[in-house]
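Remarks on the structure that follows.
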Amino acid sequence: MKPILVLTVLLFPGLVAAEVTSPADGAKIASLDILSAKVTREGDSLTFRMTTTGTAGADTPAATGALAGAGVHAYVWPTSLDPAVVGFEPGTGILALAATSHPDFDDTPLYDENGDGDPDNDGQDWHSHWVVLVPSPDCGPAALAVRDIPEGATPKLPDTWPGLPLFIDSPAAQPQFDGPEVAVTIAVPGAEGASFDGVTSALRVNANLHAPLLCVSDVFDIASGDLSLPGRID
């Protein structure tokens, strides 16, 4: 997931297909070992799907008891869509949809995923985000981070932005798990012909709580093998 490769494939996606497939790999965590990634469209409604060799969603990060250094597991669909299509400042990075779990913090303040009356304790429950990814050499081998919002900056953000200093959105799109498959359905106008890929990854909150605040810390699998975004939204 080197930055130059990421930016190159967004500009020159090459051959594309409706579905991106990947061989099973017994050396990988089964719930994060991708077999296929697919995005289907019905009008403005997109359904992002990913299948794995194991039970999707079975593995979540261990709790640390603090936001600093907290871990995140994610099923991610990077796309060639401009961030502006979901309400971010245009041209600001790689727009990706993600289904995430993180037990140490809650970043969906508008929703009570577990139905207990408290909207602030649902971080471990799988939920969806739009994120804008950017190259970040300070993030280790993956060299990618969720784009930070510098203090005092006022970029355009979606209405359901959760208030974190990040280019992140918390839409009302609940991931659905069914054995080896995870699926998220969400409205995105004008997405026909955009390209995509599938990734399973870990992210980590900076231990010092400063930028880059949320780094991609590990990549478990990439559907295409090289993040070339070969899938196409039909």
Could you name every one of the strands (runs of 3 or more DSSP E) located completely within region 1-86 that has at least 1 residues being at pLDDT 95 or above and under 17 Å from Val146 (Cα atoms)? 71-78
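For region 87-98, which positions are assigned to a loop (DSSP other than H, G, I, E, B) and crowded, with 20+ Cβ neighbours inside 10 Å?
The initial filter retains those residues of region 87-98 that are assigned to a loop (DSSP other than H, G, I, E, B), namely 87-93.
Result: Phe88, Gly93.
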All but one of (1) under 15 Å from Leu97 (Cβ atoms); (2) surrounded by fewer than 18 Cβ atoms within 10 Å (Cβ to Cβ); (3) modelled with pLDDT under 95 hold for Ala173; state the number of the condition that does not hold. (2)
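Identify, from the list Ala194, Ala143, the residue that is buried (at least 17 other Cβ atoms within 10 Å of the Cβ) and at positive phi.
On the way: Ala194 fails: at positive phi.
Of the residues listed, the single one that is buried (at least 17 other Cβ atoms within 10 Å of the Cβ) and at positive phi is Ala143.
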Tally, over region 160-196, of residues that are touching a Phe, Trp or Tyr at 6+ places or on another chain (Cβ under 7 Å) and among the acidic types (Asp, Glu): 1
Index of the failed condition, Lys156 passing every other in (1) at pLDDT 95 or above; (2) crowded, with 16+ Cβ neighbours inside 10 Å; (3) more than 15 Å from Met50 (Cβ to Cβ); (4) in contact with an Asp or Glu (Cβ under 6 Å, 6 or more places away or on another chain): (2)
In this structure, does Gly163 turn out to be surrounded by fewer than 18 Cβ atoms within 10 Å (Cβ to Cβ) and either more than 20 Å from Val20 (Cα to Cα) or among the aliphatic types (A, V, I, L, M) (or both)? yes
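Going residue by residue through region 179-191, is there one that turns out to be farther than 24 Å from Pro90 by Cβ and touching a Cys at 6+ places or on another chain (Cβ under 9 Å)? Even if it seems obvious, please write down each step before you answer.
Of the residues in region 179-191, the ones farther than 24 Å from Pro90 by Cβ are 179-183, 185.
Imposing the further condition that a residue be touching a Cys at 6+ places or on another chain (Cβ under 9 Å) reduces the set to none.
Scanning region 179-191, I find no residue that is farther than 24 Å from Pro90 by Cβ and touching a Cys at 6+ places or on another chain (Cβ under 9 Å), so the answer is no.
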Limited to region 106-150, what total is found for residues that are more than 28 Å from Ile222 (Cβ to Cβ) and either modelled with pLDDT of 90 or more or hydroxyl-bearing (Ser, Thr, Tyr) (or both)? 2
Pairs, first surrounded by fewer than 17 Cβ atoms within 10 Å (Cβ to Cβ) in region 204-219, second among the hydrophobic types (A, V, I, L, M, F, W, C), C-beta under 6 Å, six or more apart: Ala207/Ala68; Leu209/Ala68; Asp218/Ala202
Of (1) touching a residue at least 12 places away in the same chain (Cβ under 8 Å); (2) within 18 Å of Leu32 (Cβ to Cβ), Ser170 satisfies all except one. Which? (2)
Considering only region 66-86, how many residues are more than 22 Å from Gly54 (Cβ to Cβ), crowded, with 17+ Cβ neighbours inside 10 Å and small (Gly, Ala, Ser)? 2
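The values are calculated or read from the model by the stated rules, or taken from the named source; none is laboratory data. Because the structure is a prediction, the values reported are computed rather than measured. Don't worry about glycine lacking a Cβ; one is built from the backbone with ideal geometry, like all the others, and counts go over all protein chains shown.
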